[in-house]
Amino acid sequence: MRNIPFLSDKAFIELEVTDSTNSFVKQYLSKNKPKVEIVIMTHAQPLGRGQYGNVWLSEPHKNLTFSYLHFPVQLSPDNQFILNIKVSLAIYRALAALIQPLESKHELQIKWPNDIFLDKKKIGGILIENTIQGNLIDSCIIGVGINVLQTDFGHLSHKASSLKNLLG
């Protein structure tokens, strides 16, 4: 594990391998009470998780896999979908900025609440896990996976792809 200074109110932790960045953050929180928000990034994530217990398959050193520990201010559980919307739109906008200069024929979409599709194939996913204390969300673990350089998706090739496969 390598700690990298990030910003004064945030930290960045880079891992060579961890089962799941969201799981790493949960374990970290069980032993620590951080005062700053943290980004955990890994080069290999053999047991990445998705919604409803799905597995996120990711080849080592080929994809963007990270989690962000966020402490929202005054966000009630009733409004937690707002966080999902903001995260999904942020990822969408970042990818659109990369794709737009290439060619306008590519179709980037959000499949609510947590999937990113390019040309009708899933290239990314979001998993947000909240901890609620009282009537507010105390912390959020925002897990993100974006398929960047991976080219083989095995039996999921009909519905999953990567930026490399679709954009060259």
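The values are calculated or read from the model by the stated rules, or taken from the named source; none is laboratory data. Quantities reported herein were computed from a predicted structural model and do not represent experimental measurements. Glycine gets a Cβ as well: all are built from the backbone with ideal geometry, and neighbour counts include every protein chain shown.
Points to keep in mind about this one:
- Count of region 56-79 residues which are in a loop (DSSP other than H, G, I, E, B), surrounded by 16 or more Cβ atoms within 10 Å (Cβ to Cβ) and not charged (D, E, K, R): 4
- Residues that are without any contact (Cβ under 8 Å) to a residue 24 or more places away in the chain and either in a helix (DSSP H, G or I) or among the hydroxyl-bearing types (Ser, Thr, Tyr) (or both) within region 94-128 comprise Ala94, Ala96, Ala97, Ser104, listed in sequence order.
- Failed item in (1) closer than 26 Å to Val39 by Cα; (2) in a loop (DSSP other than H, G, I, E, B), with Asp152 passing the rest: (1)
- Leu166 being touching a strand residue (DSSP E or B) at 6+ places or on another chain (Cβ under 8 Å), over 30 Å from Gln27 (Cα atoms) and not in a strand (DSSP E or B): yes
- Candidates Ser58, Ser104, Ser30, Ser67: the one that is of a type in the set (S, T, N, Q), under 20 Å from Gln150 (Cα atoms) and modelled with pLDDT under 90 is Ser58.
- If the condition is being under 17 Å from Gln80 (Cα atoms) and either of a type in the set (Lys, Arg) or surrounded by fewer than 13 Cβ atoms within 10 Å (Cβ to Cβ) (or both), then region 112-130 contributes only Trp112.
- Yes/no for Lys105 being within 16 Å of Ala160 (Cβ to Cβ) and surrounded by fewer than 12 Cβ atoms within 10 Å (Cβ to Cβ): no
- When Leu83, Leu127 are screened for being modelled with pLDDT under 95, of a type in the set (A, V, I, L, M) and within 18 Å of Asn63 (Cα to Cα), only Leu127 passes.
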